[in-house]
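The block underneath contains the structure these notes are about, expressed in structure tokens.
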Amino acid sequence: MAAIVRISSVCHRGVQRRCLSLFYRSSLLARPLVAQQKDQDRPYPLTARIHGSSSLSAGSGSKAASLHWTGERVVSVLLLSMGPAAYYFPGPAIDYSLAAILTLHGHWGILQVLTDYVHGEPKIKMANAGLFLLSTVTFAGLCYFNYNDVGICKAVALLWSK
């Protein structure tokens, strides 16, 4: 609200109508706000709207989004529980489980960053392809490390022992 009032106070009288027309877009969420102008008596009703596409509305895909959110929480809890399990029971099963869970957790985290900050269809496709490549190489590298070297659990124990 303060930002809207501040922007409108910066606009000059001739440009004021164009400045305020920025807030009258139909792609923004209807919530009427009123800002008083210091040099005029009548209030300007400013309308702010939040754009909601049909694919993001509550009716479409909300079950899938809910299941994905639940899956993310399950992976986070599994990742927390894998720390003590790796300490007390180091072995190949824990090493490969850590490789899978760390890769999935990192993949979903970076995917959310890309979803928030990458815009434009070609850029999104390139970013997703790069993310899948990164996740595949990460998982393959961790599995290679587990198979041909000491494994994730022993490697962390060696780092802590020195």
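Bear in mind that the values in this text are calculations on the coordinates, not laboratory data. In this text the structure is predicted, and so the values were computed from the model without any measurement. Neighbour counts run over all protein chains shown; Cβ positions are idealised from the backbone, glycine included.
The Cα-based radius of gyration and maximum Cα-Cα distance (Dmax) for region 110-149 are 13.3, 42 Å. On the basis of the beta-carbon distance and an R0 of 30 Å, Leu79 and Glu121 show a calculated FRET efficiency of 0.40. Computed from label points 7 Å out along Cα-Cβ, the spacing between Phe145 and Ala65 is 3.5 nm.
Dipole size in debye (nearest 20) for region 70-154 around its Cα centre, Lys and Arg Cβ +1, Asp and Glu Cβ -1? Walk me through the numbers before you get to the answer.
Numbers: 4 positive and 5 negative charges, 5 e Å.
Computed about the Cα centre, the dipole is about 20 debye.
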